[in-house]
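**Q** I'd like to ask some things about the structure below.
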Amino acid sequence: MTPEDTLASMEAVITDLFYWVSIALMICIHAGFLAYEVGASRSKNVLAAAMKNLLTFSVVCATFFFFGWWFYNAFYQFPVGAIDTATAALPWSDDMGPNNSSVTGIFWGAFALFAATTGSILSGAVLERIRTSAFLILTTVLGSVVWIIGAAWAWHGSGWLLTEWGWHDFGAAGCVHLIAGAFTLGVLINLGPRIGRFVDGKAITIPPHNLPLTMLGLMLIFVGFFGFLMGCVVYTNTGYFSIFGNQTTLSAVAFSTLMGLAGGILGAYVSSKGEPFWTISGGLAGVISVAPGMDLYHPALAFIIAVAGGLLIPYFGKAIEKFGIDDVVGAVAVHGGCAAFGIVVSGFVLWGYPNVAGYPDINPLGQIGGFVVLALLGFLPGYVLSLALKKAKMLRIPAAVELAGLDLSEVPATPYPEGIPVTILKSDTEVTA
Amino acid sequence: MSPIDSWDDASGVVFTGAGTIWPVLFSIVAFALFVAFLAVMIRHEKHAYVAMLKHEPIEKGPAVEGEPRVY
């Protein structure tokens, strides 16, 4: 083997290892969402929430292999235009199996974890009243069709939003967070609130059964975000690049991520008056707010933008609540709201920064236009599909089951047989009498 | 089914059924299993909800320690 062959071999190994670590870290996002949602549920729905998260992971990974990866390769031009060249991404192609000359599997794996993240964003918002089967149908469409079409348009080196409008979104705020948030909003409108969440039009807080577990879950999500953002970097033998082809470094991502986390938590603490749920969600809000420009922002500017994002989320949450929408974990506010905020802000702050290959410079209209396109791409399928499931009476669990809790019916197991008391039901007296 | 006779000349694609119709069949069966999973899950949900509304235990047999009472 020549020195050149050895070098090429080592480069391939390091590339594989880079994304391998990214995938492993991103699994922490799912462990975190599981803990987050288990904690946010009432004790009568704990295991159902956990099962929903486990199944999300399985369903999205499988369907992302069956057809999700194909959408990414086929749809980067508008509306389509690469169908012929995308045959390599079909599940039976030579490129989609053990292969001595291709790194497709490791990239597919990283994208599959991004896809599963979109499903987890939806999962928390619809807790305690959606049918698991309906949720899995919705999450399949979100995770293996909708977001990945958005990624082809807005998170691809030849995506049409980049080549035509000068779009820039380093950390996938648009295709992951905005699309998942908008899709979730569409589903929540049709799903309706949990029983007892609104009384005479007034919002009633249903407290999480284990807020410390919820907070620990979010800390795990923060760990996973380092894998997520690592996966946003393209590693090559000549350095690091964003997915749009401009040079960057992991150093830039470390600055922005940590300053984003810090700023978001502080901002949410102030605006929520120290409410723990919103405060720790502020960490996510901060990172998502800076995600579009985290390869270019000065760390102090990232902190300022993140503080603003953190400040905004309780207000986003209250605004959604006024429409009678019950978003259990604030997914629409944190993911959808902060992604929208971050994308629009980046258009002004990064105005005039060049893109590669002669594509248009980053500009406010390109960012705002991209925001509108991706918001619609997320919202419309979520609304229409959940409406169809609702009409077919497949969307929501029966009211009696919701009152008794899913752990008593759907899940043949008990979360705390000797510990935490189960949710006190108004109907308890009648049933035991 | 092996696409190679020896690892000495192995390069490129090396997996079960490579270069044949088998990967297509594997993919179809795997997808069918996924659809079957969804169908079984919907049936399980319906059964569980009906059983609960009739105040029947979901699992047959005596209750184990810590098992919640029938609704």
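The values are calculated or read from the model by the stated rules, or taken from the named source; none is laboratory data. Keep in mind that this is a model prediction, so the values were computed, not measured. Methodologically, a virtual Cβ is constructed for each residue, glycine included, from the backbone with ideal geometry; neighbour enumeration extends over all protein chains shown. Surface accessibility is based on the protein's heavy atoms, side chains included, excluding ligands, DNA and RNA. Shrake-Rupley method; radii C 1.70, N 1.55, O 1.52, S 1.80 Å.
**Q** Which residues' amide hydrogens lie under 5 Å from the amide hydrogen of B:Val13, considering only partners 5 or more residues apart or on another chain, with H built in the peptide plane?
**A** A:Asn100
**Q** May I ask you to derive the FRET efficiency for A:Thr236 and B:Lys46 from their Cβ-Cβ distance with R0 = 45 Å, giving the value to the nearest 0.05?
**A** Efficiency, rounded to the nearest 0.05: 0.30.
**Q** Quick check for you: which residues of region A:245-270 have the amide N under 17 Å from the point 7 Å beyond the Cα of A:Tyr353 toward its beta carbon?
**A** A:245-261
**Q** Also, I was wondering about something else. Using the structure shown, select from A:Lys44/A:Lys202; A:Lys391/B:Lys46; A:Lys318/B:Lys46 the pairs with a Cα to Cα distance greater than 28 angstrom.
**A** In this structure, A:Lys318/B:Lys46 exceed 28 Å between Cα atoms.
**Q** Taking the Cα-to-Cβ direction at B:Ser6 and at A:Phe78 and moving 7 Å from each Cα, how far apart do the two end points lie in nm?
**A** It works out to 5.6 nm between the two label points.
**Q** Go ahead and run the numbers for FRET between A:Ser158 and A:Ala400, Cβ-Cβ distance against an R0 of 35 Å, rounding to 0.05.
**A** E between A:Ser158 and A:Ala400, to the nearest 0.05, is 0.10.
**Q** Please list the three semi-axes, largest first and in whole Å, of the ellipsoid equivalent to chain A, using sqrt of 5 times the eigenvalues of its alpha carbon gyration tensor.
**A** 36, 24, 21
**Q** In deg cm²/dmol and to the nearest 500, what is the mean residue ellipticity at 222 nm of chain A if only DSSP H runs of at least 4 residues count, each as -39500 (n - 2.57), divided by the residue total?
**A** Calculated at 222 nm, the ellipticity per residue is -19500 deg cm²/dmol.
**Q** Among all helices in chain A defined by DSSP H, which have a length of 15 Å or more along the axis from Cα atoms plus a Kyte-Doolittle mean of at least 0.0?
**A** A:3-40, A:46-63, A:104-125, A:179-191, A:211-230, A:250-271, A:276-290, A:299-321, A:338-349, A:364-391
**Q** From largest accessible area down, sort B:Val40, A:Val59; use a 1.4 Å probe on the protein chains.
**A** B:Val40, A:Val59
**Q** Suppose R0 equals 30 Å; then what is the FRET efficiency for B:His55 and A:Leu54 from their Cβ-Cβ distance, rounded to the nearest 0.05?
**A** That pair, B:His55 with A:Leu54, gives E of 0.55.
**Q** Lys/Arg Cβ at +1, Asp/Glu Cβ at -1, dipole of the protein assembly as shown taken about the Cα centre: which of A:Gly32, A:Ser22, A:Leu403 is farthest positive-ward?
**A** A:Leu403
**Q** Could you tell me which trypsin sites (Lys or Arg not before Pro) in region A:259-343 are loop residues by DSSP with no more than 15 other beta carbons within 10 angstrom of their beta carbon?
**A** Sites meeting the loop and neighbour criteria: A:Lys273, A:Lys322.
**Q** Which whole-number percent is the relative contact order of chain A (Cα, under 8 Å, 6+ apart)?
**A** 23
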